[in-house]
Amino acid sequence: MKINGNTQSIKDRLLNELEGLYDVKYGPRELVPVELAQTISRISYEINREISVLINRKGTVVDISIGDSGKATLPQMDNRRGNTRLSAIRCIHTHPGGKGLLSQVDIKTLQKLRLDAMIALGILDGQITEIYVGCLNIEQEADVYGPFTIGDTRLNYFYKIIEELDTSARTDIYGNEEEAEKAVLVGLETSNSRIEGMSLREAQNSLDELEELAKTAGAIVIDKIIQRKQNQDSAYYVGKGKIEELALMCQATDVQLLIFDDELSGAQIRNIEELTGARVIDRTTLILDIFAQRAKSKEGKLQVELAQLKYKLPRLIGLGNELSRLGGGIGTRGPGEKKLEVDRRHIRRRISSLERELKLLEKRRIFMREGREKNNTPVIALVGYTNAGKSTLMNRLCGSSVFVEDKLFATLDPSARKLILADGREAVLIDTVGFIRKLPHDLIEAFKSTLEEAVHADMLLHVVDASNENAAMQISVVEGLLEDLGATTKHTILVLNKQDIAASGGRINSMGYTSVCEISAVTGYGIPQLLEKITEGFKERLREINLLIPYNVGWVIPYIYENGKVLGQEYQEEGISVKAVVKVDKISRLNDFILV
Ligand SMILES: Nc1nc2c(ncn2[C@@H]2O[C@H](COP(=O)(O)OP(=O)(O)OP(=O)(O)O)[C@@H](O)[C@H]2O)c(=O)[nH]1
Ligand SMILES: [Mg+2]
């Protein structure tokens with residue numbers, strides 16, 4: 001490694017000292033490593049020239065140059081990151097004149113190299129007097145923050161801004177081109193359950209599921225930790241001591257991602273990140289991220305983006321409290337506040353434009369649904385916990401190819417397929433997004449219009465992974481969500497799937513279901529019986545009709561009682577006017593008397 005730029009007449013001793021900086025590894029979240037800053041400031045003062053150091057996000061120095069920041073060269077410009085994303089490298093450089101404000105050259109370099117940040121150290125007599133930090137904003141302009149003094153902890157919040165900008169250039173946190181991230185999962189067992197041991201099991205199950213989610217998102221889970229605590233800690237979620245323990249663990253195992261099992265507040269995220277130096281995300285962010293990776297249709301993508309923004313907005317404000325104090329002073333609006341305002345306004349604008357677009361798409365869907373209703377095509381919706389096998393069953397029943405994968409949330413978009421019933425009639429089968437415990441509220445809202453397909457269906461197939469030991473819990477989560485959607489009174493068949501790998505002996509309580517059917521969507525076991533039950537179910541389906549029955553036709557009223565119910569009757573001149581509900585397949589005999 002060598003020192004670039006004009007090194008003429010600089011003593012070897014100083015050059016060697018500078019070269020030594022290449023060998024040190026700095027904390028990934030430490031925007032301005034104190035020792036490094038002091039070293040280059042002292043040498044810069046001694047040689048009376050500017051020194052620029054480039055550091056990557058892993059905390060490794062990648063270039064040291066003598067001369068103004070414009071001389072700094074990115075060693076091998078990393079094109080894999082694409083030209084919309086940041087270079088993942090920041091520049092720290094000295095201003096021997098004593099002023100820390102960024103120069104035009106500094107700002108140009110920031111933009112040209114798309115640096116994470118351009119940091120200027122004002123130096124007087126070899127001491128750092130002030131520090132300014134420039135970061136790009138969404139409009140690709142430089143926002144300048146400061147002045148700071150060396151060691152100011154606020155400097156370590158900048159990676160938030162940097163990350164924010166970087167993620168806005170790509171949709172998922174994990175980026176396919178990057179290696180899988182190592183993560184530690186953290187859960188909490190609050191003692192609100194009276195049954196000893198019960199709450200711990202629950203916390204463990206929930207954490208196991210979080211692990212599945214993390215894997216689905218592409219992370220490698222190094223460890224899972226559960227803390228037992230009376231209540232959630234408002235500042236750190238778990239106890240502060242636990243977080244300190246985690247900080248050590250992160251350092252020892254080089255883990256840079258902590259995933260928490262519940263929704264965290266903006267303040268909690270900030271506190272934990274500050275203490276551990278790792279990036280912190282919560283269950284909701286993780287789920288939203290997976291949804292973002294998987295959404296396929298335009299509507300699905302818009303719905304996920306909307307949910308992400310809505311979740312992000314209040315947490316951005318949490319961070320803003322810290323930032324708006326930056327650069328305070330009489331008559332100055334902190335630049336941090338300004339950037340935050342820009343971001344917030346940008347997000348709000350995007351939210352309303354997304355909402356408008358979604359409204360249009362929803363109208364179109366309602367229109368299509370009305371068409372189906374008019375044709376009297378029966379609609380069957382597949383619902384169930386994620387990974388239950390809904391898409392596989394749809395493929396099996398319709399011979400279509402819906403996206404199937406052994407990952408959570410393979411389906412986000414309701415896809416509709418034609419299904420031929422056992423009696424030859426046609427029906428429409430609709431696949432839906434999988435349900436999950438602690439489904440983020442914003443997501444339920446976002447997907448409500450999609451899930452409403454289930455509410456409008458004539459029949460539900462509640463698919464269950466009978467091989468899963470948590471099947472009973474999964475059933476009740478789905479039932480709870482269906483209740484929220486107002487779809488509990490539907491004719492529902494409980495479909496116990498994966499019989500090929502399920503342990504024998506039923507543990508599943510099927511009370512309250514019209515019918516139950518054991519199948520294997522993979523082997524085809526039980527499928528004819530399921531089709532039969534579906535067809536049966538439709539025969540049982542009732543429809544409301546109005547009739548006018550002449551007085552001389554005697555068989556109609558008893559026939560109605562046999563196949564349905566009379567809701568009301570009125571004696572008129574031409575006959576009896578009857579309002580009734582009758583089984584759909586028994587209606588045709590009554591055609592002569594039906595009023596339209
Ligand atoms: N052994 C076995 N595996 C099955 C069966 N049905 C589905 N699977 C597997 O379970 C996994 C999930 O299946 P999907 O059909 O994608 O599940 P889903 O309910 O649509 O999941 P989401 O779309 O995520 O809600 C896949 O790996 C399937 O191959 C079955 O009857 N037996
Ligand atoms: Mg699916």
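The values are calculated or read from the model by the stated rules, or taken from the named source; none is laboratory data. Please read all numbers here as calculations on a predicted model, not as lab measurements. Every residue, glycine as well, gets a Cβ built from its backbone with ideal geometry; the counts of neighbours run over all protein chains shown.
Per the listing LEU530, LEU547, LEU595, LEU542, the residue uniquely among the aliphatic types (A, V, I, L, M) and surrounded by fewer than 16 Cβ atoms within 10 Å (Cβ to Cβ) is LEU595.
Criterion first (at pLDDT 85 or above and more than 10 Å from ligand 1 (Cβ to nearest atom)) does ALA466 satisfy it? No, not satisfied.
Of the residues making up segment 580-596, those that are within 49 Å of the chain's Cα centre (by Cα) and basic (Lys, Arg) are LYS583, LYS586. Report whether or not LYS498 is outside the structural domain of ASP585 (by TED's automatic domain parsing), within 22 Å of VAL584 (Cα to Cα) and buried (at least 17 other Cβ atoms within 10 Å of the Cβ). Taking the combined requirement at face value, the residue does not satisfy it. Of the strands (runs of 3 or more DSSP E) contained entirely in segment 79-195, those carrying at least 2 residues that are at pLDDT 90 or above fall at 89-95, 117-124, 127-136, 182-190. Return yes when LYS58 is modelled with pLDDT under 90, in the same structural domain as ASN16 (by TED's automatic domain parsing) and farther than 24 Å from ARG154 by Cα and no when it is not. In short, no. For SER391, indicate whether it is within 12 Å of ligand 1 (Cβ to nearest atom), at pLDDT 80 or above and within 20 Å of GLY300 (Cα to Cα). Answer is yes for this residue.
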